[in-house]
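Heads up: the structure comes next, in structure tokens.
The values are calculated or read from the model by the stated rules, or taken from the named source; none is laboratory data. All values reported here derive from a predicted model rather than from experimental measurement. Heads up, the Cβs are rebuilt from the backbone with ideal geometry, glycines too, and the neighbour counts pull from every protein chain shown. For accessibility, only protein heavy atoms count, side chains too; no ligands or nucleic acids. Shrake-Rupley method; radii C 1.70, N 1.55, O 1.52, S 1.80 Å.
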Amino acid sequence: MPSSSSLSSSNPHKKDPYQTLGLSHDASAAQIKAAYRRLALCHHPDRLSALFRRQQQQQRAGSGGGGDGVGSSETKTKRLEEEEEEAREEEAKFFRDATDKFSEITTAYGILSDPVKKKEYDHLYKFGAFDDDDNNNNNNNIENKATV
């Protein structure tokens with residue numbers, strides 16, 4: 001079992017896996033699985049990406065094609081290319097954010113669904129190995145320990 005001093009070097013952006021899944025620390029295995037499945041469906045990057053694209057198309061369709069009919073076709077083409085590039089960049093950022101959230105959910109489930117990792121996390125949490133100011137973010141070491 002890693003010492004609490006070795007846990008202090010983990011990623012400061014990770015959250016308590018129970019908090020990530022929206023659960024209390026006394027959640028059952030069935031509650032953990034149900035919360036994971038619900039969140040995984042809601043936050044899956046492919047699903048969100050498709051919803052994002054649909055929303056973007058609806059916004060473009062609702063804007064009326066954008067243009068007042070004034071200006072050269074060259075200017076309109078350039079403006080459309082710029083808008084498309086902005087939309088691609090926005091989608092890429094959205095996809096990265098969705099991937100990060102999904103990864104966080106999957107990591108939390110990986111800890112809480114494995115009896116050994118869960119027991120270790122619960123034990124360390126109970127005895128204050130995690131600093132609440134860091135948002136209980138030392139679960140990375142627990143996940144890595146079980147693979148050794």
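In the stretch 1-84, counting only helices (runs of 4 or more DSSP H) that sit wholly within it, the ones holding 1 or more residues that are open to solvent by less than 70 Å² (accessible area, probe 1.4 Å), at pLDDT below 80 and within 30 Å of K126 (Cβ to Cβ) span 4-7. Name the residues in the stretch 91-122 that are free of Cβ contacts under 8 Å to residues at least 24 places away in the same chain and more than 12 Å from P17 (Cβ to Cβ), would you? Listed by number, the residues that qualify are A92, K93, R96, D97, D100, S103, P115, K119.
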